[in-house]
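The structure appears right after this line, and notes come after that.
The values are calculated or read from the model by the stated rules, or taken from the named source; none is laboratory data. The structure presented is a predicted model; accordingly, all values stated were derived computationally and were not measured. Here Cβ is always computed from backbone atoms with ideal geometry, including for glycine, and neighbour counts include all displayed protein chains. Quick note on the areas: whole protein, heavy atoms, side chains included, nothing else; ligands and nucleic acids left out. Shrake-Rupley method; radii C 1.70, N 1.55, O 1.52, S 1.80 Å.
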Amino acid sequence: MSIRAITRPLKTANITVVSNATSLHVQGDKVTKLSAIPGQEAVNPASISVDLTVQDPQTLPGVLAAAEALELMFNVEDALELGLLLVAMGLENTSSDRISATLDRLTQLISELS
């Protein structure tokens, strides 16, 4: 059984990650999609991860150990680029009907925000 990984570079400006304990500035490096393990899709489904590098890491021990929630805040261009990569990876190997439905939904969401 082979697992397929697709990685795309992601270069962002600073992204602020906020928790109840602290905040960090990170920059996006890459987005990776791992395929599901054949025959074990329910237990090991496909996943998409975003790799981030911490800018000026904090030296206080355990500062994030107390984190209960995290929030990613992107600038508009970074959010658009990440969103496009996530949508493209999420739609890989799907039917044209699914792609069309997703584009229709995107159009609807954009019109709701206008």
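General observations
- For segment 1-47: Kirkwood Rh in Å [reciprocal of mean 1/r, alpha carbons]: 13.0
- Per residue, the accessible area of segment 1-93 comes to 66 Å² when a 1.4 Å probe rolls over the protein heavy atoms.
- Segment 1-111, relative contact order [Cα under 8 Å, separation at least 6], %: 27
- Cα gyration tensor shape for the chain, rounded if a/c is under 1.5, else prolate or oblate: oblate
- C-alpha long axis of helix 96-113 to longest principal axis of the chain, angle in °: 50
- Taking the accessible area of segment 1-102, probe 1.4 Å, and keeping the other protein chains in place, the carbon and sulfur fraction comes to 57%.
- Placing unit charges on the Cβ atoms only, positive for Lys and Arg and negative for Asp and Glu, gives segment 1-58 a dipole magnitude near 220 debye about its Cα centre.
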